[in-house]
1. Out of the range 1-91, which GluC sites (Glu not before Pro) are coil in DSSP terms and have no more than 13 other C-beta atoms within 10 Å?
2. Quick check: convex hull of the Cα atoms in the range 11-105, volume per residue, rounded to a whole Å³?
3. If you average over every viewing direction, what projected area does the convex hull of the Cα atoms of the chain give, in nm²?
4. Mind checking the full-extension length gain between Lys137 and Asn154? Use 0.36 nm per residue of separation minus the Cα-Cα distance, one decimal, nm.
5. Put a dot 7 Å past each Cα toward the Cβ at Asp16 and Asn116; how far apart are the dots in nm?
6. Could you give the angle, 0 to 90 degrees to the nearest 10, between helix 169-178's Cα long axis and the longest principal axis of the Cα atoms of the chain?
7. When the helix-only estimate is applied to the chain (DSSP H runs of n ≥ 4, each -39,500 (n - 2.57), divided by the residue count), what is the mean residue ellipticity at 222 nm, nearest 500 deg cm²/dmol?
8. Take the Cα coordinates of the range 65-123, assign each an equal point scatterer, and use the Debye formula without solvent to give log10 I(q)/I(0) at q = 0.14, 0.18, 0.30 Å⁻¹.
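None of the figures in this text is laboratory data; all of them are computed from the coordinates on show. Computed from a prediction, not measured in an experiment: that's the story for all the values here. For neighbour counting, all protein chains shown are included, and Cβ atoms are generated from backbone atoms with ideal geometry for every residue, glycine included.
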Amino acid sequence: MLVGYARVSTTGQSLDVQLGELAAHGCERIFEDKATGTNCERAGLIEMMGFVREGDTIIVSRLDRFARSLSDLFQLLDQLANKGVAFQCVHQNIDTSSSTGKLTLAILGAVAEFENDLRRERQREGIARAKSNGVYKGRKATVSVERVQELLANGMGISEIARQLGCHRQTVYRLKVSSHC
């Protein structure tokens, strides 16, 4: 059975292009996610991994739609290989049922990870440069130390303060501790 997997990063994005490509490649069943690739709990991916059986082939439009890193890619492919499931990627023309496809996949995966590392490095450098120029200051605090202290003084608990202020409990703890320094 040919099984497709499509993913976009946000709910506002459309899966239409990927779904069309997967249907054109003969996918009989297509699983989909609208979640960032860094999310380990992608319901569609988890369901698909449980669905596929020996002899099936998973088809994706691009590698970055399937895995979030090279190690994640190889972990997923290892799970598929153990189940006797092949993997094909439309845009990168990869088919793990052949040795050449496996080699191509390894090379492309390494290049993609290298590009991600370069992008992260450039982003860090840009933020550091903006900070040194006084341009980048982060987002403004939405919860003040004074307000947390006021609510604590009134006998309110950490969880209750977090709920009232619309923030995480850890934020309340951090502000509580920083006020004692």
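1. Values: sites: Glu21, Glu28, Glu32, Glu41, Glu47, Glu54; in loops: Glu28, Glu41, Glu54.
In loop regions of the range 1-91 (DSSP not H, G, I, E or B), the sparsely surrounded GluC sites (Glu not before Pro) are Glu28, Glu41, Glu54.
2. Details: hull volume 9.2 nm³, N = 95.
That works out to 97 Å³ per residue.
3. Values: hull surface 58.8 nm².
Taking a quarter of the hull surface, the average projection is 14.7 nm².
4. On the way: separation 17, 0.36 × 17 = 6.12 nm, distance 3.23 nm.
Taking 0.36 nm per residue and subtracting the Cα distance, the gain is 2.9 nm.
5. Result for the modelled spin labels: 2.9 nm.
6. With rounding to tens, the tilt is 40 degrees.
7. Values: 7 runs with 93 residues, N = 181.
Here the helix-only value at 222 nm equals -16500 deg cm²/dmol.
8. So the normalised log intensities are -0.40, -0.63, -1.37.
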